[in-house]
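The values are calculated or read from the model by the stated rules, or taken from the named source; none is laboratory data. In this text the structure is predicted, and so the values were computed from the model without any measurement. Using ideal geometry, Cβ is built from the backbone for each residue, glycine included, and neighbour counts are taken over all protein chains shown.
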Amino acid sequence: MEKNLTMKKDDSIDDKLDNLCKNAVELINYSRSVVLKEVNLLQLMTYFTLGKWIVEVQQDGESRAKYGKKILITLSETLNKEFGKGFSVATLTNIRKFYLIYQERISEPTVTEFTMEKSQPLVTNLEKEPPFHLSWSHYLILMRIENKDERNFYEMQSLKEGWGKRELQRQYGSSLYERLLLGKDKDKILTASQKGQIVEKSADIVKDPYVLEFLGLDEKADFSETDLESRLIDHLQEFLLELGTGFTFVARQKRFSFEEDHFRVDLVFYNRLLQCFVLFDLKTEKLKHQDLGQMQMYVNYYDRYEKQDFENPTIGVLLCPDKNDAIVELTLPENCNIYASKYQLYMPDKKLLQEKMKEWMEEESGNEC
């Protein structure tokens with residue numbers, strides 16, 4: 001196999017295209033001969049390299065615009081003839097896009113070494129610090145995200161949380177990035193794009209709103225708090241994914257008593273990253289100040305009678321379809337670890353949230369001037 005895609009300056013564009021097809025066949029044959037455990041990394045390295053070659057040949061022929069399409073069509077026909085289905089023009093277009101988006105991740109010498117024969121040691125070394133951690137299916141979703149910081153966030157979060165492609169698609173569709181970071185400072189946004197969600201304090205784990213479309217409830221339907229709770233338990237796995245990093249389920253309708261009075265907390269979770277209990281109280285009507293006082297009592301009980309000395313203060317979250325932020329602010333003392341968050345039973349308007357995020361960022365930039 002040739003060390004790289006070598007072409008002389010005086011070669012015609014047709015010769016370069018023939019050379020591209022020949023090298024692509026050899027590259028794919030090589031990648032398919034490697035052991036199964038390295039298939040994912042090899043596939044992504046192969047697509048990255050193939051995308052690089054496509055871009056280089058297209059750039060050489062850019063003065064003839066129609067040639068860009070011809071290159072993809074000819075290469076698709078060549079590869080499908082050699083390997084069967086799997087290399088459509090659409091797939092090759094995505095492979096080209098993959099290289100253009102992530103081209104800074106792999107150096108030119110590394111790509112050259114990858115295309116050499118007997119490059120097994122290179123693959124082994126790359127596995128120690130791989131340039132790509134997810135599957136091709138994940139990257140097909142990520143490549144649809146235009147904002148680089150947002151794209152990096154979902155990639156890091158998929159890796160940290162072990163999201164499959166379906167969960168990645170749902171989290172992106174539910175605007176997790178905007179819901180977590182809207183209103184946060186720029187440093188927080190930058191950190192999230194580099195490391196994913198960072199959980200350091202109680203506010204970091206709370207979302208507003210929570211998206212519960214997986215419950216299958218119609219927002220216009222009449223359902224009780226018991227109905228809502230039962231649906232959440234029936235869809236506990238999905239709810240845990242929506243809650244986010246570090247949550248484990250503890251109890252449902254957790255009972256405690258003071259003298260002759262009995263109380264029940266709707267849902268109790270534990271966050272292993274913050275090392276604290278997280279209590280959820282469910283409401284199906286607009287939040288009232290009495291609800292906030294009740295949650296304060298629940299939190300106080302857990303802090304005094306359930307929390308161990310090594311654990312952090314309990315967090316309380318009231319989930320409601322509607323709230324008045326002014327009442328919440330006036331009712332609750334500062335730094336009380338109690339939050340009121342809305343829930344919605346449908347996917348949010350992603351475009352609207354993106355516009356709000358953009359407006360907020362522009363306001364922050366203006367304030368810094």
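The one condition from (1) at pLDDT below 95; (2) acidic (Asp, Glu); (3) crowded, with 17+ Cβ neighbours inside 10 Å that Asp281 does not meet is (1).
Among strands (runs of 3 or more DSSP E) lying entirely in region 234-344, which contain 3 or more residues that are basic (Lys, Arg)?
Working: elements: 247-258, 261-271, 276-282, 315-320, 338-344.
The strands (runs of 3 or more DSSP E) meeting that bar are 247-258.
Among residues of region 252-275 that are within 28 Å of Asp204 (Cβ to Cβ), those with a Cβ under 8 angstrom from a residue that is of a type in the set (Gly, Ala, Ser) and part of a loop (DSSP other than H, G, I, E, B), sequence gap 6+ or separate chain, pair up as Asn271/Gly246; Arg272/Gly246; Leu273/Gly246; Leu274/Gly246.
Would you confirm, using the coordinates I've provided, whether Asp303 is farther than 23 Å from Glu225 by Cα, free of Cβ contacts under 8 Å to residues at least 40 places away in the same chain, surrounded by 15 or more Cβ atoms within 10 Å (Cβ to Cβ) and out of contact with any His (no Cβ under 9 Å at 6 or more places or on another chain)? Spell out how you get there, then give the answer.
On the way: farther than 23 Å from Glu225 by Cα: yes; free of Cβ contacts under 8 Å to residues at least 40 places away in the same chain: yes; surrounded by 15 or more Cβ atoms within 10 Å (Cβ to Cβ): yes; out of contact with any His (no Cβ under 9 Å at 6 or more places or on another chain): yes.
Taking the combined requirement at face value, the residue satisfies it.
Taking region 181-202 as the range and being at pLDDT 85 or above and assigned to a helix (DSSP H, G or I) as the test, only Ser202 passes. With respect to Thr226, is the statement that it is closer than 19 Å to Asn312 by Cβ and surrounded by fewer than 13 Cβ atoms within 10 Å (Cβ to Cβ) true? No; evaluated as a whole, the condition is false for this residue.
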